[in-house]
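K.L.:
My questions all concern the structure below.
The values are calculated or read from the model by the stated rules, or taken from the named source; none is laboratory data. Note that the structure is predicted; figures quoted are calculated from it, not measured. We place every Cβ from the backbone using ideal geometry, glycine too, and count neighbours over all the protein chains shown. All accessible areas refer to the heavy atoms of the entire protein, side chains included, with ligands and DNA or RNA removed. Shrake-Rupley method; radii C 1.70, N 1.55, O 1.52, S 1.80 Å.
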Amino acid sequence: MSMFCYQCQEAAKGEGCTIKGVCGKTDEVAALQDVLLFVSKGIANVNQLAAENDMASKAAYKFMVDALFITITNANFDANKIVAKIKDGIALRDALKAELADKGIEVTNTDHSISYKGDSMEDFLKVAPAIGILSIENEDIRSLKELLTYGVKGMAAYAEHAFNLGYENNDVAEFMQKALVATTNKEITADELVGLVLECGKNGVDVMALLDKANTESYGNPEITSVNIGVRNNPAILISGHDLKDMEELLKQTDGTGVDVYTHSEMLPANYYPAFKKYEHFVGNYGNAWWKQKEEFETFNGPILFTTNCIVPPADSYKNRVYTTGASGFDGCTHIADRTEGKQKDFSAIIEHAKKCAAPIEIETGEIIGGFAHNQVLQLADKVVDAVKGGAIKKFVVMAGCDGRMNNRNYYTDFANELPDDTVILTAGCAKYRYNKLPLGDIGGIPRVLDAGQCNDSYSLAVTALKLQEVFGLDDINDLPIVYNIAWYEQKAVIVLLALLSLGVKNINLGPTLPAFLSPNVANILIENFGIGGITTVEEDIKSMILS
Ligand code: SF4
Ligand code: SF3
């Protein structure tokens with residue numbers, strides 16, 4: 001068996017992982033994820049036919065969202081869980097086919113994903129090579145289909161979080177289905193796929209808006225907050241990932257138990273929400289971006305809850321303290337089951353575990369400031385506009401996105417350090433950890449790093465940009481004094497990028513390397529139509545992006 005995966009920025013040699021994922025994904029898990037995606041495509045085809053006959057299955061939409069999320073980089077490494085999910089998918093697809101047959105509706109599409117039968121891990125591993133990425137021969141079609149798939153994976157993650165809070169958008173679900181169907185179409189042209197990629201961006205904006213609404217209506221608007229990065233002397237749980245519903249229920253269930261709660265990596269922005277800040281035992285944030293977890297989980301001492309990506313395969317020394325829930329999973333780690341209708345998830349096992357652990361070891365002290373989501377920034381709009389008009393702020397630099405392991409990501413720390421004092425960084429996502437602890441100061445009380453939140457809160461940055469465009473009376477969003485130097489790693493960054501393109505943003509610099517899944521022709525389309533560029537050296541890029 002030989003895997004092939006090139007969906008993230010750390011794809012081996014900048015081409016693709018073929019023996020084992022740099023992320024730690026085994027060839028077996030990679031193959032099973034391919035089959036899960038393949039089965040989801042079969043469901044998409046059948047459910048599209050059902051939708052055309054007013055018989056669309058909600059369970060099918062939900063399945064596709066879950067499955068896409070499970071295959072995101074660093075979300076789920078649990079082979080058995082993926083096998084079970086594939087079997088569920090096949091059963092769901094066949095039940096839907098039977099319902100259609102009962103109504104005399106025949107599925108005429110002959111795509112293998114619609115008829116594939118398999119029943120065991122062995123079967124799934126056998127079919128995998130024939131249905132993987134490299135089964136698409138034309139490299140441009142393959143590139144566009146994968147770009148679309150990764151955009152939809154990012155959408156699925158955000159749709160799932162919104163769903164968990166009771167927010168759904170049928171158009172978004174239908175688009176994901178349409179995109180999956182398109183990836184099985186052997187006749188589709190490159191132009192048609194480009195059209196779908198752009199439509200994906202528009203749906204990306206919509207799903208991020210939906211999640212923004214879900215988060216803010218459920219937990220209030222994020223507000224400027226100083227987040228403690230030191231520790232207290234109580235046993236504690238560290239919560240990572242992006243799911244705020246899990247955050248809410250964990251805080252409720254730990255309240256009064258003597259167990260503290262800290263956020264890790266992408267959960268840091270939970271500290272900015274009024275509904276969470278009120279808990280006395282919610283201490284602050286511990287550590288940095290996802291890829292530093294091996295050292296940080298060691299010293300944390302207590303159990304860690306992953307609500308989503310990014311998991312690094314855990315060392316044996318702390319593996320028994322790692323819990324997963326939702327789309328995340330890791331072989332041998334305890335998985336906390338989904339909530340059943342009207343009930344909370346049961347976090348009692350992790351809470352009891354925490355009580356037996358020592359308090360975290362302090363690895364740093366002080367505070368970091370965040371909470372500059374759109375509502376908060378718009379309250380400061382007058383101040384910001386005055387600072388721009390008066391020349392105190394010359395440029396905003398959007399440095400949102402992801403962090404990752406590669407040494408060349410030091411570029412982003414150096415870039416932030418070297419920016420002139422009259423620039424302000426707008427950020428979201430775990431990319432922020434490259435510069436959010438630097439002493440960059442403020443401009444007339446406006447911090448020089450404005451953190452809007454998680455990667456999905458890049459939506460907030462777009463809302464802020466659109467508001468500034470209105471205030472300054474500009475016709476084109478690209479006339480604002482905003483430049484984009486975005487770092488990417490996994491597929492949520494792909495949807496954020498496509499969303500920005502759909503809002504008309506041009507000349508985005510993307511690093512630290514361009515995606516391996518862009519064929520030269522597809523990369524050219526992005527360069528020619530949107531001015532997408534890579535990064536070079538800090539000196540050169542400051543010159544071209546800021547000083548020019
Ligand atoms: Fe490699 Fe990234 Fe795929 Fe993991 S997700 S196998 S690191 S390309
Ligand atoms: Fe980070 Fe994984 Fe992308 Fe949500 S946690 S931004 S990398």
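K.L.:
Counting alpha carbon pairs within less than 8 Å and at least 6 residues apart, what relative contact order, in whole percent, applies to region 374-547?
P.N.:
Once normalised by length, the contact order is 24 percent.
K.L.:
In the chain, with Lys and Arg counted as +1 and Asp and Glu as -1 at Cβ, which of these residues, Y459, L238, Q491, has the Cα nearest the positive end of the dipole, that is, farthest along it?
P.N.:
The one lying farthest along the dipole's positive direction is L238.
K.L.:
Can you classify region 277-339 as rounded, prolate or oblate using the Cα gyration tensor, where a ≥ b ≥ c are the square roots of its eigenvalues, rounded means a/c under 1.5, and otherwise it's prolate if a/b beats b/c and oblate if not?
P.N.:
Since a/c reaches 1.5 but b/c is at least a/b, the shape of region 277-339 is classed as oblate.
K.L.:
Quote the accessible area belonging to E52 in square angstrom, nearest 10, computed with a 1.4 Å probe and with ligands, DNA and RNA left uncounted.
P.N.:
130 Å²
K.L.:
Share of Cα-Cα pairs in region 334-380 beyond 16 Å, in percent?
P.N.:
69 percent
K.L.:
Which whole-Hz couplings ³J(HN,Hα) result when phi for each residue of region 126-132 is put into the Karplus expression 6.51 cos²θ - 1.76 cosθ + 1.60, θ = phi - 60°, listed in order with x for Gly and Pro?
P.N.:
Listing the rounded values in order: 6, 7, 3, x, 6, 10, x Hz.
K.L.:
Going by average Cβ density within 10 Å per residue, which order do the peptides 78-88, 306-316, 14-24 take, highest to lowest?
P.N.:
Descending mean neighbour count gives 306-316, 78-88, 14-24.
K.L.:
Under a point-charge model restricted to the Cβ atoms of Lys and Arg (+1) and Asp and Glu (-1), what is the dipole moment magnitude of region 225-355 relative to its Cα centre, in debye to the nearest 20?
P.N.:
The dipole magnitude comes to about 200 debye.
K.L.:
Normalised by the number of residues in the chain, what is the relative contact order in percent for Cα pairs under 8 Å and 6+ residues apart?
P.N.:
Relative contact order of the chain: 17 percent.
K.L.:
Could you order W291, W488 by accessible surface area, starting with the largest, using a probe radius of 1.4 Å?
P.N.:
W291, W488
K.L.:
Quote the charge dipole size of region 374-547 about the Cα centre in Debye, to the nearest 20; the model charges only the Cβ of Lys and Arg (+1) and of Asp and Glu (-1).
P.N.:
So the dipole magnitude of region 374-547 works out to roughly 340 debye.
K.L.:
Could you work out what % of the accessible surface of region 130-231 is carbon and sulfur, using a 1.4 angstrom probe and leaving DNA, RNA and ligands out of the count?
P.N.:
It is 47 percent, rounded to a whole number.
K.L.:
Starting from 0.36 nm per residue, how many nanometres of slack lie between E295 and K437 once their C-alpha separation is accounted for?
P.N.:
49.3 nm
K.L.:
Follow-up. Where nothing but the Cβ of Lys and Arg (+1) and of Asp and Glu (-1) is charged, how large is the charge dipole of the chain around its Cα centre, in debye to the nearest 20?
P.N.:
Computed charge dipole of the chain: roughly 760 debye.
K.L.:
Å³ per residue of the Cα convex hull, for region 429-548?
P.N.:
Cα-based convex hull of region 429-548, divided per residue, equals 130 Å³.
K.L.:
Got a sec? Charge dipole of the chain, +1 on Cβ for Lys and Arg, -1 for Asp and Glu; which of F300, P515, H374 is way out at the positive end?
P.N.:
F300
K.L.:
Let me ask something else. If you take the Cα Rg of the chain and divide it by 2.2 N^0.38 Å, with N the number of residues, what do you get?
P.N.:
0.94
K.L.:
What is the pair-distance distribution P(r) of region 12-218, computed from all Cα-Cα distances in 10 Å bins starting at 0, with each bin given as a whole percent?
P.N.:
8, 34, 38, 17, 2, 0
K.L.:
Just to confirm a number: summing +1 for Lys and Arg and -1 for Asp and Glu over residues other than I369 whose beta-carbon lies under 10 angstrom from that of I369, what do you get?
P.N.:
-3
K.L.:
Also: Taking the Cβ of E540 as the centre, find all other residues whose Cβ is under 14 Å away and add up their charges (Lys, Arg: +1; Asp, Glu: -1).
P.N.:
Neighbour charge sum, excluding E540 itself: -3.
K.L.:
Quick check for you: with a 1.4 Å probe and neighbouring chains kept, what is the accessible area per residue of the chain, in Å²?
P.N.:
Ligands and nucleic acids excluded, the figure is 38 Å² per residue.
K.L.:
Place the peptides 532-538, 7-13, 471-477 in order of packing, highest mean first, counting for every residue the other Cβ atoms within 10 Å and averaging per peptide.
P.N.:
Ranked from most to least packed, the peptides come out as 7-13, 532-538, 471-477.
K.L.:
With Cβ to Cβ distances under 13 Å as the rule, what net charge do the other residues near A400 carry (K, R +1; D, E -1)?
P.N.:
Surrounding charge for A400 is -1.
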